[in-house]
1. Let me test this: with uniform point scatterers at the alpha carbons of the chain, what is the Debye-based log₁₀ I(q)/I(0) at q = 0.08, 0.14, 0.15, 0.18 1/Å?
2. For the stretch 46-100 and the stretch 116-144, what is the separation of their C-alpha centers, rounded to whole Å?
3. Can you pull the Kirkwood radius for the stretch 1-94, inverse mean 1/r over Cα pairs, to one decimal in Å?
4. Run a plain Debye calculation on the stretch 2-55 (Cα atoms as equal point scatterers, no solvent) and give log10 I(q)/I(0) at q = 0.32 Å⁻¹, rounded to two decimals, same order as the q list.
5. Once Rh is set to the Kirkwood radius over Cα pairs, what Stokes-Einstein translational diffusion coefficient, in µm²/s, holds for the stretch 115-174 at a temperature of 10 °C and a viscosity of 1.306 mPa s?
6. How large a share of the accessible area of the stretch 29-174, in percent, is made up of carbon and sulfur atoms when the probe is 1.4 Å and the other protein chains stay in place?
7. Go through 89-100, 40-51 and give me the packing order, highest mean Cβ count within 10 Å leading.
8. Could you order peptides 63-70, 26-33 by the average number of other Cβ atoms within 10 Å of their residues, highest first?
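The values are calculated or read from the model by the stated rules, or taken from the named source; none is laboratory data. This structure is a prediction, so every number in the text was calculated from the model and none was measured. Note that we place each Cβ from the backbone using ideal geometry, even for glycine, and neighbour counts take in every protein chain shown. Accessible surface areas use protein heavy atoms only, side chains included; no ligands, DNA or RNA. Shrake-Rupley method; radii C 1.70, N 1.55, O 1.52, S 1.80 Å.
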Amino acid sequence: MKIIGFVYTDGQTEMVLKGDSCLLNGRKPMFIPDRTKELGVTECLILRVSRLGKEIGLKFANRYYDAVAPGADFAALDILRDLQSSGRPWTKAIDFDYSMAIGEWCEVPSDEADWTKGLVLSPEEAISEASKVMTIRQGDLIYIQKKCAPRRVEKEDIIRKEIDGEEKLYCKIK
């Protein structure tokens, strides 16, 4: 399984990869890693890829995912700033154990307007762009961040997301 992300930084959208050890689900808490003094979170939408595809055209991309979930993408902001300023890869700052909280999976809503508001790319654009770089396979996850700066989180903060009045994401920071 691959975890492909589209993140927003310095006014641009970048594609990144995360390992599967980053997944945090089941309402488990997020423990702030000892190596960072500044943990940030960005809200995102996660797509579950449902079929094999490469070089997928935009108009066919909606056929390649079968469920969505709200997510919270965590980053070590102090480490990220250092890596970005020196032009080094961001892996140490964004790809660490439990750095991606996943909420409950939902069917893909027929009306995209509300749940895709503010994303750096539409779900179809993300599928199409990811498939231009690598083959996507059933079970891969693609996450799309909101177009905003990460907000800092502290111990005892709670990350929540409701969809249609029902809580779909809950993550307490420890």
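1. At q = 0.08, 0.14, 0.15, 0.18 Å⁻¹ the computed log10 ratios are -0.22, -0.71, -0.82, -1.18.
2. The two parts, judged by their Cα centres, are 9 Å apart.
3. Numbers: mean 1/r = 0.0657 Å⁻¹.
About 15.2 Å, per the Kirkwood formula over Cα pairs.
4. -1.38
5. Numbers: Rh = 14.1 Å.
The calculation lands on 113 µm²/s.
6. Numbers: 3640 of 7820 Å².
Result for the stretch 29-174: 47 percent of the exposed heavy-atom area is carbon or sulfur.
7. On the way: 89-100: 18.2, 40-51: 20.9.
Output ranking for 89-100, 40-51: 40-51, 89-100.
8. Working: 63-70: 19.4, 26-33: 14.6.
Result, highest mean first: 63-70, 26-33.
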